[in-house]
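Novice: Structure incoming, see below.
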Amino acid sequence: MIRLHDYWRSSAAYRVRIALNLKGLSYEQVPVNIAPGADEQLSATYRSVNPQMRVPTVEVDGLKAGQSMAILEWLEETYPEPAILPSDPASRLQARAFADTIACDIHPLNNLSVLAALRQDFGADDAAVTHWYHDWIRRGFQALEGFAAARPSGPFLFGDAPTIAEITLIPQIANARRFNMDLAAFPALVAIDAACSELDAFRKASPEANKPA
């Protein structure tokens, strides 16, 4: 059994939930409340699970590992069907590049720890933090929109099924909406989000479906 140390609103954990669902894998969720003021990820107990003190972490057969993108690659290597990477090397490169634009360039700059530092260390107010948040999403989405708009017709970026590209995109769109960002400039990305919202794997992974009662 795979155990997923998880927080319902974490976009990195959201990615892993999507991938697990797409692959039809059963998993046990272990909630870790990373909300400011709760900070369960900073406890000694959780540090023994993940020394980086972040979510998600997967735990299976004594193996413990964090970092959502590494977990996605491990899932693909361990449970190759159905695939979350395209079949040909060129498309795999493009899918990984699309995903890393989000996971490496957008998301880290908008993480809770960064937003807290903006407030505590640089005196940013809510308006400044929101501007920062929107700006980094906009920069990344402008590049991704161009790629998505030029793709062959179809609901997904690389064929008839979602890949690692959609797995990273949909949580980032959810984050943008949470911060009331206008997405009118990104119709191709919004269309992909709509297509993914029709799939149970994405709906069951959403923050709304995993919010504690």
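The values are calculated or read from the model by the stated rules, or taken from the named source; none is laboratory data. These figures come from a predicted structure and were not determined experimentally. Neighbour counts are summed over all protein chains in view; Cβ atoms, including those assigned to glycine, are modelled from backbone coordinates with ideal geometry. Accessible surface areas use protein heavy atoms only, side chains included; no ligands, DNA or RNA. Shrake-Rupley method; radii C 1.70, N 1.55, O 1.52, S 1.80 Å.
Novice: Checking the conditions here, which among Pro152, Pro212 is farther than 24 Å from Gln94 by Cβ and in contact with a strand residue (DSSP E or B) (Cβ under 9 Å, 6 or more places away or on another chain)?
Specialist: Numbers: Pro152 fails: farther than 24 Å from Gln94 by Cβ.
Among Pro152, Pro212, only Pro212 is farther than 24 Å from Gln94 by Cβ and in contact with a strand residue (DSSP E or B) (Cβ under 9 Å, 6 or more places away or on another chain).
Novice: Further question on the same structure: Determine, yes or no, whether Ala116 is within 21 Å of the chain's Cα centre (by Cα), surrounded by fewer than 16 Cβ atoms within 10 Å (Cβ to Cβ) and in contact (Cβ under 8 Å) with a residue 12 or more places away in the chain.
Specialist: Values: within 21 Å of the chain's Cα centre (by Cα): yes; surrounded by fewer than 16 Cβ atoms within 10 Å (Cβ to Cβ): yes; in contact (Cβ under 8 Å) with a residue 12 or more places away in the chain: yes.
In short, yes.
Novice: Also, I was wondering about something else. Out of segment 16-51, which residues are closer than 16 Å to Trp74 by Cβ and without any contact (Cβ under 8 Å) to a residue 40 or more places away in the chain?
Specialist: Matches in segment 16-51: Tyr27 only.
Novice: Turning to a different aspect of this structure: Of Ala128, Ala124, which residue is in a loop (DSSP other than H, G, I, E, B), more than 18 Å from Ser197 (Cβ to Cβ) and more than 20 Å from the chain's Cα centre (by Cα)? Lay out the reasoning, then the answer.
Specialist: Values: Ala128 fails: in a loop (DSSP other than H, G, I, E, B).
Step by step, each of Ala128, Ala124 is checked, and only Ala124 is in a loop (DSSP other than H, G, I, E, B), more than 18 Å from Ser197 (Cβ to Cβ) and more than 20 Å from the chain's Cα centre (by Cα).
Novice: Separate question: Only residues in segment 69-95 that are over 13 Å from Thr163 (Cβ atoms) count as the first member; pair them with residues that are open to solvent by 60 Å² or more (accessible area, probe 1.4 Å) and not in a helix (DSSP H, G or I), Cβ under 8 angstrom, at least 6 apart or cross-chain, and list the lot.
Specialist: none
Novice: Further, regarding this structure: Say whether the condition of being open to solvent by 70 Å² or more (accessible area, probe 1.4 Å) and of a type outside the set (A, V, I, L, M, F, W, C) is met by at least one residue in segment 145-159.
Specialist: Within segment 145-159, one or more residues are open to solvent by 70 Å² or more (accessible area, probe 1.4 Å) and of a type outside the set (A, V, I, L, M, F, W, C).
Novice: In segment 1-107, which strands (runs of 3 or more DSSP E) lie fully inside it and hold 2 or more residues that are crowded, with 20+ Cβ neighbours inside 10 Å and touching a Pro at 6+ places or on another chain (Cβ under 7 Å)? Break it down stepwise before answering.
Specialist: On the way: elements: 2-6, 27-31, 57-60, 63-66.
Per the criteria, 2-6.
Novice: Given the criteria among the small types (Gly, Ala, Ser) and either closer than 14 Å to Trp132 by Cβ or touching a His at 6+ places or on another chain (Cβ under 6 Å) (or both), does Ala116 qualify? Explain how you work it out, then say what you get.
Specialist: Numbers: among the small types (Gly, Ala, Ser): yes; either closer than 14 Å to Trp132 by Cβ or touching a His at 6+ places or on another chain (Cβ under 6 Å) (or both): yes.
Yes, satisfied.
Novice: Can you tell me which condition Asp121 does not meet? The list is (1) under 22 Å from Arg54 (Cβ atoms); (2) of a type in the set (D, E, K, R); (3) surrounded by 14 or more Cβ atoms within 10 Å (Cβ to Cβ), and all the others hold.
Specialist: (3)
Novice: Output the residues belonging to segment 159-180 that are closer than 28 Å to Ser87 by Cβ and free of Cβ contacts under 8 Å to residues at least 24 places away in the same chain.
Specialist: Asp160, Ile173
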